[in-house]
1. Hey, which of the helices (runs of 4 or more DSSP H) in the range A:1-76, taking only ones fully inside, have at least 1 residues that are more than 24 Å from A:Ala218 (Cα to Cα)?
2. Go through (1) among the β-branched types (Val, Ile, Thr); (2) open to solvent by 10 Å² or more (accessible area, probe 1.4 Å); (3) in contact (Cβ under 8 Å) with a residue 60 or more places away in the chain one by one and return the number of the condition A:Val315 breaks.
3. Looking at (1) free of Cβ contacts under 8 Å to residues at least 40 places away in the same chain; (2) in contact with a His (Cβ under 9 Å, 6 or more places away or on another chain); (3) of a type outside the set (Lys, Arg), find the lone condition where A:Gln294 falls short.
4. Quick check on this structure: which one of B:Gln198, B:Gln221, B:Gln205 is more than 19 Å from the chain's Cα centre (by Cα), more than 22 Å from B:Ile58 (Cβ to Cβ), open to solvent by 30 Å² or more (accessible area, probe 1.4 Å) and among the polar types (S, T, N, Q)?
5. Condition first: away from chain A (no Cβ under 14 Å) and without any contact (Cβ under 8 Å) to a residue 60 or more places away in the chain. Now tell me which residues in the range B:179-198 satisfy that.
6. Would you please name the residue that is nearest to A:Val22 (Cα to Cα), looking only at residues in the range B:152-163 that are more than 7 Å from chain A (Cβ to nearest Cβ) and in contact (Cβ under 8 Å) with a residue 24 or more places away in the chain?
7. Out of A:Asn96, A:Asn186, report the one residue that is at pLDDT 95 or above, under 23 Å from A:Ser288 (Cα atoms) and surrounded by fewer than 21 Cβ atoms within 10 Å (Cβ to Cβ).
8. Just wondering, is there one or more residues in the range A:53-65 that are surrounded by fewer than 20 Cβ atoms within 10 Å (Cβ to Cβ), more than 14 Å from every other protein chain (Cβ to nearest Cβ) and at pLDDT below 95?
Amino acid sequence: MLPDTLGHFVISNDLFFGGRFVPETLMVALLELEDVYAKAKEDKKFQDELTYYLRAYAGRPTSLYFAKRLTEKLGGARIYLKREDLLHTGAHKINNTLGQVLLTKQMGKPRIIAETGAGQHGVATATAAAMFGLECEVYMGCEDIERQSLNVFRMKLLGAKVNPVDSGSKTLKDAINEALRDWVTNVRTTHYIIGSVVGPHPYPMMVRDFQSIIGQEAKSQILEIERRLPDCLIACVGGGSNSMGLFYPFYEESKVRFIGVEAGGEGIETGRHSASLGSGNVGALHGSLSYVLQDANGQIIPTHSVSAGLDYPGVGPEHSYYKDTGRAEYVSVTDKEALNSFQLLARLEGIIPALESAHAIAYATKLAPTMDKDKIIVVCLSGRGDKDVQTVSKILEE
Amino acid sequence: MNRIDETFIRLREKGETALIPYLMVGYPDLETTGKLVLGFEKAGADIIELGVPFSDPIADGPIIQLASEQALKNGVSLTDVLSLANNLRQQTTIPLVLMTYYNPVFAYGIEKFVRDAITNGVDGVIVPDLPPEEASLLEKVACEAGLSCIFLLTPTSPPERMRLISQHSTGFIYYVSVTGITGIRKMVCEDTGEYIRQLRLVTQQPIGVGFGISSPEHVAQISSIADAAIVGSAIVSLITNHLGEHNLIEKTSQFVAELKKATY
C-alpha cells in the first residue's frame, strides 16, 4: 500500500516522493490528522455519513456518458465522459471537501481555510462550510480573482471570506503559501482543507482516497455498459486530484493506460506553461517532494496556463511516483488546443467543460482517432465551464 | 566542537545570553550584507544568522518575504551566500548559521551543500521546513562534517517532540516563541518561560528563542530564561526604513548594540 507510514512514495534508496516538509508548528496537526483520518477510514459510521452527503447533497453517482457525436466525429475509440461536472458546485472538488469537513467536525475545529485557483475548490469548501456551520476563509491569488470573478462572488454568497493574495505570481501557488501561513498561525482552531493531492502527508493520500469515488464508479459503470475495462483513462493534471481519483481504483489493472494531461500553456518551448511532470525536476514545494518547475538554484519559477486550476508549478507526489515507475504517461496540450476543445464539446455534445477539463478532452481528440473503433477511452470531465465563459469570450473576441 | 558550541560555553561562563541577529543575504545587496555582518559583530552580536532567499518562504511574514523577494531580484543564490560566508571568514571568527528553506539545499545537493558550507566557514544550518523525520541524510552528512544542524521547537510541540528534537538538534535548539510566522510583535508570548522550563528538563543544550523578538525589552526578557535571543524582522525592517541612507550600517548596528546590552 502506498505511501509508507512517513507518507513516502519510495522509488529507490535515494529517492522518494511525498513526505512532510513543513514547519514544526504543523507537525502535531499533521500527525493528528493522520490519526483521525486513519480511524475514519475504518469507521463505518463515518463512511456511511460521507456516502449519505455525497449522494443526497452532492448528487453522486455521476453518470458515465457515452459521447456519441464526439466519438463519431473523431472516428476512433469510443469516448466516455465521467460527468463530475454534474456534481453540486460544478466540479469534483466537493468529493474531497465533504470528506474533510466531516473530519474537521471530528477534530472539533470551528474554522476552516482553503486555497483556490480556479475557484472550484474554494466554492466547494465554502459550500461544505455553510452546510456544517463552520467559519471559512479562502485564499485566492489576485490574478485568479480577476479571471474567475464569478466564483469569487459565489464564495462570498456562501458566507466565506475571500482573502486576495498579492504576493509572488498572484496565483494558486501563492494562495497555498498564504493558506499555509494562516495555518501555522491558527493551527489550534483551524483545519486546512487542501484541495488537491498535494501538500504534506497525509493530504496526498487522503485527498486521493476521497476522490477515488470517481474511479470506483467509473469502473463499475463501464463494466456494466461495455462488459469490460476501458483501454485508456485520460484526465487533466494540475495538482492532480481528479486524475488521481479516476486512476487509483484501476491501479492494479495493468492493461488500462493512464494518461495525465498537463497545461502546455503557450507551448512547452516558450517556457510559459505549467507542465511540472513534463519539464520539472524533483524538489520540495508545499510540504512534499515531487516534480516542481524550478530554476537551477531551487527557486520556484512562474507558470502559465489559460486555466487557473492548472496554473501551478508543482504536482501531487503520487503522480511523480506514477511517472517514474511508468504506471502513467504524462502529456501536455496548449491553451489553444484546450480552447478549441472547450468549443468542440459545447457544439457536439452540448456540454461546456471547465477549461481544466478541456485539456483532457483536447488530448482525447488527438488520441482517439489513432485507436481502433472497438477501443474505449474514459475521460474525466472534472468540472463544468460556466466559470470560464467570460474568460473564453474575452479571448475569442481578441 | 565548533564555533557555535565554543560561543555558548564562553557566554555561559560570563553569564551572558547570546544575541543572534538575522540578515537576509542580498538585501538590500550582497556587499551591504557583508558590511552589516561586520558592523553587527562590532556592536556585540555573538552569532549571525544568514537568511538564504527563497521564492516561497512559508514560515515568514511580510517583512522577510519582501527582503527575500528583493534578494532574488538581485540574483542572489545559495552559491552567493556561501561565497559571502567565505569572504567574511577571512575577516571574522563570528559563528555563521544559515537559515534556508529545504528546496535550495535539495537543488544544490545535500552532500555538496554540507561540504561547501564547511569549506566556506559556515558553522550551522537551520531549515524551517525540515522536521527531523525528513532530515536523516542532512543530519548524517552534517554530523560527519561538523556542521551544526539546528532544529526548531514550537509552542504546539508536545513533550514527545521536545525529546525528539533535543536528540536531533546540534549547536542549540531554536524555540519559536509564537504559533505563527516571523514578524514584529508587541510582546513576548507569556507561555515562553514555562515551555523553556519544561524543555530544560529534557535537554542540556543551549536554547535560543526567536520569532517576534523585536526590542531590547524582549531581549532582556528572553535573557532571563534562555541562552540566546534571535532577532530577525525588527532588524530587516530597520534596514528597509534606512534604505539608501549613508548611515544604514551605523543605524542598524546601533540597534544591535542596544539589543546586546539587554543580554547582560
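1. Working: elements: A:24-42, A:44-52, A:68-74.
Fully inside the range A:1-76 and qualifying: A:24-42, A:44-52.
2. (2)
3. (2)
4. Every option except B:Gln198 fails the conditions.
5. Looking only at the range B:179-198, we keep the residues that are away from chain A (no Cβ under 14 Å), and these are B:184, B:186-188, B:190, B:192-194, B:196-198.
Once the filter is applied, which keeps residues that are away from chain A (no Cβ under 14 Å) and without any contact (Cβ under 8 Å) to a residue 60 or more places away in the chain, the range B:179-198 yields B:Lys186, B:Met187, B:Val188, B:Glu190, B:Thr192, B:Gly193, B:Glu194, B:Ile196, B:Arg197, B:Gln198.
6. B:Pro155
7. Matching residue, one of A:Asn96, A:Asn186: A:Asn186.
8. For the range A:53-65, residues surrounded by fewer than 20 Cβ atoms within 10 Å (Cβ to Cβ), more than 14 Å from every other protein chain (Cβ to nearest Cβ) and at pLDDT below 95: absent.
The values are calculated or read from the model by the stated rules, or taken from the named source; none is laboratory data. Keep in mind it's a predicted model, so treat the numbers as computed, not measured. All Cβ positions, glycine included, derive from the backbone under ideal geometry; neighbour counts span all protein chains shown. For the accessible areas, the whole protein counts, side chains as well, though only heavy atoms, and no ligand, DNA or RNA atoms are used. Shrake-Rupley method; radii C 1.70, N 1.55, O 1.52, S 1.80 Å.
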